[in-house]
Structures are given as C-alpha cells and as structure tokens.
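Participant: Have a look at the structure that comes next, please.
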Amino acid sequence: MLEFINSPESKAVNLPFSQAVRVGDILYLSGALGSRPGTLELVAGGMEAEARQTMENIGAVLKENGLGFADVFKCTVMLADMSKWAEFNKVYVSYFDPDRLPARSAFGANGLALGAQVELECWAYIGKPR
C-alpha cells in the first residue's frame with residue numbers, strides 16, 4: 001500500500017511535497033517546521049516557541065491518521081544552531097513517554113526553509129487498522 005497524504009491546511013500552502021506518505025504499516029512524515037497551520041509564517045518567540053509549534057504540527061498529522069506520539073519510532077532533528085539543542089530537547093521530550101523515546105538523529109544545518117530554527121522529520125508505526 002502506498003498513500004500520499006495532505007490535509008486541507010497542507011494543500012493551502014501548495015508545497016512541492018506530501019505532508020506524509022504511508023508505505024505499508026509505516027507513516028513517513030515530511031520535515032515539519034514551527035509554522036502556523038495553513039501558512040508559511042513561523043511562530044514568534046524563538047526556539048522554544050518554534051519547537052512547540054513543530055511538535056503540535058507533527059501531532060496534528062499523526063492525529064489525522066489515527067496515531068499519536070506513542071506511535072513514533074524514529075525522528076530526525078535539524079537545527080540551524082546546535083547551541084540551541086537543550087532548548088529544543090526541553091520541548092521535545094515533553095511530547096513522549098520517557099520510557100518510549102524514539103530512536104533519533106540530529107544535525108546542524110546552515111539553513112532551513114523559511115529561516116526556521118528547527119525542522120523535525122518522524123516515522124510512525126501504524127500497525128493497526130485505520
């Protein structure tokens with residue numbers, strides 16, 4: 001099974017990629033930014049605000065697909081400034097059960113879309129009928 005997924009908010013910004021793609025029992029989420037849903041505008045307030053909005057945006061995609069953060073098993077974090085790692089982690093860990101943290105990779109990037117401070121890509125296991 002291969003399914004390309006885009007919410008109405010995602011379609012509204014007309015980006016050249018799918019919000020998520022389901023391949024079998026895995027949902028691959030495209031990199032999410034701290035933008036307001038349905039816009040290309042980042043939230044104000046620095047790393048903590050962007051990180052929180054990024055997580056909320058990921059949570060919305062998961063929910064639209066009948067999933068939650070407990071279904072996420074892998075994340076890739078891209079930070080524009082690695083010195084903000086601790087600020088990002090403070091928000092990130094609050095969305096997961098401490099005993100079920102996803103596998104994760106992280107790296108610094110010299111530029112992210114829209115001038116974002118953080119981008120986060122996740123994989124989630126569906127494993128149950130939708």
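No value in this document is a laboratory result; all are computed from the given coordinates. Here the structure is a predicted model, which is why all the values come from computation and not from measurement. We place every Cβ from the backbone using ideal geometry, glycine too, and count neighbours over all the protein chains shown.
Participant: What order do you get for 87-93, 97-103 when each peptide is scored by the mean count of other beta carbon atoms within 10 Å, highest first? If you can, show how the numbers build up before the last one.
Facilitator: On the way: 87-93: 17.1, 97-103: 10.4.
Ranking the peptides 87-93, 97-103 by packing returns 87-93, 97-103.
Participant: Based on alpha-carbon centroids, what's the gap between the range 107-127 and the range 1-78 in Å, whole number please?
Facilitator: Centre-to-centre (Cα) distance: 9 Å.
Participant: Can you give the calculated 222 nm mean residue ellipticity of the chain, where each DSSP H run of n ≥ 4 adds -39,500 (n - 2.57) and the sum is split over every residue, rounded to the nearest 500 deg cm²/dmol? Intermediate values should be presented prior to the final figure.
Facilitator: Working: 3 runs with 32 residues, N = 130.
It comes out at -7500 deg cm²/dmol, rounded to the nearest 500.
Participant: Rank the residues Thr54, Thr76, Thr39 as a footprinting-exposure proxy: fewest other Cβ atoms within 10 Å of their Cβ go first. Please report the intermediate quantities before stating the final value.
Facilitator: On the way: Thr54 27, Thr76 16, Thr39 12.
Placing the least packed residue first, the sequence is Thr39, Thr76, Thr54.
Participant: Oh, and also: Relative contact order for the chain: what percent, with Cα pairs under 8 Å and sequence separation of 6 or more? Walk me through the numbers on the way to the answer.
Facilitator: Working: 238 pairs, mean separation 39.3, N = 130.
Worked out over the chain, it gives 30 percent.
Participant: Extent of the range 2-125 along each principal axis, from alpha carbon coordinates, in Å, largest to smallest?
Facilitator: Principal axes ranked by extent give 38, 36, 21 Å for the Cα atoms.
Participant: Treating the beta-carbon of each Lys and Arg as +1 and of each Asp and Glu as -1, no other charges, what is the dipole magnitude of the range 87-130 about its Cα centre, to the nearest 20 debye? Display every interim value, and only then the final one.
Facilitator: Details: 5 positive and 5 negative charges, 44 e Å.
Its charge dipole is roughly 220 debye.
Participant: Could you please rank Asp81, Asp71, placing first whichever residue has the fewest other Cβ atoms within 10 Å of its Cβ? All intermediate terms of the calculation are to be shown ahead of the outcome.
Facilitator: Numbers: Asp81 13, Asp71 19.
Ascending Cβ contact count within 10 Å gives the list Asp81, Asp71.
Participant: For Trp123, what charge total do you get from the other residues with a beta carbon under 10 Å from its beta carbon, if Lys and Arg give +1 and Asp and Glu give -1?
Facilitator: Details: positive: Lys74; negative: Asp71, Glu121.
Net charge around Trp123: -1.
Participant: Using unit Cβ charges (K, R positive; D, E negative) and no other charged atoms, how large, in debye to the nearest 20, is the dipole of the chain about its Cα centre?
Facilitator: Values: 12 positive and 15 negative charges, 44 e Å.
My answer is approximately 220 debye.
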